[in-house]
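K.L.:
For reference, the structure I am asking about is given below.
Every number in this text was worked out from the coordinates using simple rules, so none of it is lab data. As the structure is a computational prediction, the values presented were derived from the model and not from experiment. Using ideal geometry, Cβ is built from the backbone for each residue, glycine included, and neighbour counts are taken over all protein chains shown.
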Amino acid sequence: MNYARMSVSHVEVRDKVPGALDSSRSEDPLPAASITDPAIAKILPGELLRPAETWPSKILWQHVIVLSAVHLISLLAFIPWFFTWSGLIVAILGHFIFGMLGITIGYHRLLTHRGFTCPKWLEYTFATMGMFNLQDSPARWVAIHRIHHRHSDQQGDTHSPLVSFFWGHVGWVLLRHKDTNRTIRYARFVPDLLRDPYYRRLERKSGWFVVFIIHAIVIVTIGAIVGYFAGGVTEAIHYAASWAVWGVAVRTVFVLHGTWSVNSLAHLYGYRNYETRDQSTNNWLVALIAHGEGWHNNHHADPRSAAHGHRWWEFDMSWWVIRILEGIGLARNVVRPSRS
Ligand SMILES: [Zn+2]
Ligand SMILES: [Zn+2]
């Protein structure tokens, strides 16, 4: 992080950047498309100031501790004893099922942008799987992301890598942001979600984190049962440990960095199909690890579209899943690209 810039006073900081003064005051909960505005000069990496709402700096220690813990546990994967083939398979399946259905399709394309509609039971299933990835409650995730679209790569952006790569990737998670710190502050960005008692309940007493812990316990317990039938009590302990490290920690860390890479790498490196006012890019590596989310310049140009790949080579796995859901009648009102 650029500490030299942090010493600039609040008012001075806010006055310097167009649009920063009324940051996030709009009533419209859904982000608009980033249309080209030649009046906004291109900001170079390292030039942007951190959001005014993150001043004065206050570290969210609960985030630091939990994220450090899951990273440390995932490092146990380097010790061979923790490896089992079944643990690896659980990790890969979890990446596709919880990462893609939970975050990419659920939190992002469905809840944030309303790129399609589906039966409530399926929406809740996607939202619940989203919480298995340690990426916050549905309402807070959506609020942060809607603010990102509203102020992309301007000072009001919750996580622009133009502040610094570290800030855009993970730094923003670790510092308090006054507008996203409490449900009552970010409620205006997510009135649609908070009208729903299920999403409201998850806001109370870190309900979403309890869901994450329960899902981890369930995975470890199933691992113990599989191990027990494979080789008695010794293997039960072995499998439980393996599934905890691989099936929970490694997978969670991998999905976390996939999502964070959309915010960092896909606003810095790659090509652009559209001259959006932000600096979003299409990045094939991010598209690969984050189930199509790496076609991020396309997404900023056309946020409501449920398809992020706009060219034939831009493979978007999440879009194919949504098409299958549409084909079997589970997804409706699917928004297709308006610009390609
Ligand atoms: Zn973006
Ligand atoms: Zn988005």
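K.L.:
Going by amide H atoms built from the backbone, whose H comes under 5 Å of the H on LEU175, apart from near neighbours?
P.N.:
Amide H neighbours of LEU175: LEU60.
K.L.:
Another question, then. Given the C-alpha centroids of the stretch 48-64 and the stretch 140-210, what is the distance between them in whole angstrom?
P.N.:
For the stretch 48-64 versus the stretch 140-210, the Cα centre distance is 12 Å.
K.L.:
Using the Karplus curve 6.51 cos²θ - 1.76 cosθ + 1.60 with θ = phi - 60°, what ³J(HN,Hα) values do you get for each residue of the stretch 250-258, in whole Hz, with x for Gly and Pro?
P.N.:
Residue by residue, the stretch 250-258 yields 4, 5, 4, 5, 5, 5, 4, 5, x Hz.
K.L.:
log10 I(q)/I(0), Debye, Cα-only the stretch 193-276, no solvent, q = 0.22, 0.24, 0.26 Å⁻¹?
P.N.:
Debye output, listed in q order: -0.97, -1.03, -1.10.
K.L.:
At what distance in nm do the modelled label points of TYR124 and LEU330 sit from each other, each positioned 7 Å from its Cα along Cα→Cβ?
P.N.:
For TYR124 paired with LEU330, the spin-label model returns 1.6 nm.
K.L.:
Still on this structure, please answer the following. Taking DSSP loops as anything outside H, G, I, E and B, show the longest stretch in the chain free of GluC sites (Glu not before Pro) there with at most 14 other beta carbons within 10 Å.
P.N.:
In the chain, the maximal stretch lacking such sites is 48-274.
K.L.:
Among ARG304, ARG176, rank each residue by its count of other Cβ atoms within 10 Å, from fewest to most, as a rough exposure measure.
P.N.:
Exposure proxy ranking, most exposed first: ARG176, ARG304.
K.L.:
Which one of ASN297, ILE103, ALA77 is farthest out on the positive end of the charge dipole of the stretch 47-327, using unit charges on Cβ (Lys, Arg +1; Asp, Glu -1) and the Cα centre as origin?
P.N.:
Positive-end residue among those listed: ILE103.
K.L.:
Using all Cα-Cα distances in the stretch 72-200, what percent lands in each 5 angstrom bin from 0 up to the longest?
P.N.:
2, 10, 16, 19, 18, 14, 10, 7, 3, 1
K.L.:
How big is the dipole moment of the stretch 47-327 about its Cα centre under a simple scheme where the beta carbon of each Lys and Arg is +1, that of each Asp and Glu is -1, and everything else is neutral? Debye, nearest 20, please.
P.N.:
Here the stretch 47-327 has a charge dipole of around 840 debye.
K.L.:
Ok, one more. Measuring from a point 7 Å past the Cα of LEU93 along Cα-to-C-beta, which residues in the stretch 194-228 have an amide N at less than 16 Å?
P.N.:
Label zone hits: 215-228.
K.L.:
Using R₀ = 30 Å, calculate the FRET efficiency as 1/(1 + (r/R₀)^6) where r is the Cβ-Cβ separation of TRP320 and SER206; round to 0.05.
P.N.:
0.30
K.L.:
Report relative contact order for the chain in percent, whole number only (criteria: Cα-Cα under 8 Å, sequence separation at least 6).
P.N.:
Relative contact order for the chain comes out at 24 percent.
K.L.:
What list do you get for ARG251, ARG204 if you sort them by fewest beta carbons within 10 Å?
P.N.:
ARG204, ARG251
K.L.:
Still on this structure: How much FRET efficiency would the formula 1/(1 + (r/R0)^6) give for LYS42 and ARG185, where r is the Cβ-Cβ distance and R0 is 30 Å, rounded to 0.05?
P.N.:
0.45
K.L.:
Where Rh denotes the Kirkwood radius from the mean inverse Cα pair distance, what is Rg over Rh for the chain?
P.N.:
0.98
K.L.:
Something else: Across the chain, where is the longest run that never hits chymotrypsin sites (Phe, Trp or Tyr not before Pro) in a DSSP loop with at most 11 other C-beta atoms within 10 Å?
P.N.:
It works out to 1-311.
K.L.:
While we're looking at this one, here's another question. From the Cα gyration tensor of the stretch 230-340, with a ≥ b ≥ c the square roots of its eigenvalues, which class applies: rounded if a/c is under 1.5, or else prolate if a/b is larger than b/c, or else oblate?
P.N.:
It comes out oblate by the Cα gyration axes.
K.L.:
Identify which of THR112, THR276, THR221 has the largest mean-square fluctuation in a Gaussian network model of the chain, with springs joining Cα atoms closer than 10 Å.
P.N.:
Among THR112, THR276, THR221, the largest mean-square fluctuation in the Gaussian network model of the chain belongs to THR221.
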